[in-house]
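The values are calculated or read from the model by the stated rules, or taken from the named source; none is laboratory data. Keep in mind the model is a prediction, meaning the values are calculated, not measured. With ideal geometry, Cβ positions are generated from the backbone for all residues, glycine too; neighbour counts draw on all protein chains shown. These accessible areas exclude ligands, DNA and RNA; they are computed on the full protein's heavy atoms, side chains included. Shrake-Rupley method; radii C 1.70, N 1.55, O 1.52, S 1.80 Å.
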Amino acid sequence: NWKNDHAHGEGTLIYAKGDVFLGEWANGVKNGQGQLTYKNGDLFQGSWVDDHANGHGTLQYHNGCKYEGEWKDDRRHGYGTFTDPKTQYKYEGQWHNSRRHGQGTMNLPNGDSFAGTWTAGRCAVVEFSFAANSPWADPEF
């Protein structure tokens, strides 16, 4: 659909580099709900404001990793969960400028986890929790 020579309403755009956007447009830019399939196989589904991912959305990476949570200007920002099925690591917590930042918990494949304060992607303060069957939870170990 078009309004005043701009895409407006539901529509699909196939970019020259191979990416495909399917969703809502307002005044020629992505606005509302939509999905962007990247040429490399990554897929973003979520909210768009003024041509940028803003609000809640999910990015499914072509390698199987997944981020689900809040976005600001195309970057992970706010509360979100990042899962890596290959390593089975899962981070749940705050993000800033696409990096872990603030309070968060890293869940490990053996059931252990650690919570802490993250700064620019690095864990600065840690509180470790052991799985019930972990030898580290055994005071006799």
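What about G104, is it at positive phi, part of a strand (DSSP E or B) and surrounded by 16 or more Cβ atoms within 10 Å (Cβ to Cβ)?
Against the criterion (at positive phi, part of a strand (DSSP E or B) and surrounded by 16 or more Cβ atoms within 10 Å (Cβ to Cβ)), G104 does not qualify.
If G111 passes every condition in (1) modelled with pLDDT of 95 or more; (2) assigned to a loop (DSSP other than H, G, I, E, B); (3) farther than 29 Å from T37 by Cα but one, which one does it miss?
(1)
What number goes with the only condition from (1) open to solvent by less than 70 Å² (accessible area, probe 1.4 Å); (2) in a strand (DSSP E or B) that A131 does not pass?
Condition (2) is where A131 drops out.
Show me the strands (runs of 3 or more DSSP E) entirely contained within the stretch 1-71 in which 2 or more residues are under 24 Å from N97 (Cβ atoms), modelled with pLDDT under 95 and open to solvent by less than 40 Å² (accessible area, probe 1.4 Å).
Working: elements: 9-14, 20-26, 29-37, 43-49, 52-60.
Fully inside the stretch 1-71 and qualifying: nothing.
Within the stretch 84-98, how many residues turn out to be open to solvent by less than 50 Å² (accessible area, probe 1.4 Å), within 21 Å of D112 (Cα to Cα) and not acidic (D, E)?
Result for the stretch 84-98: 2.
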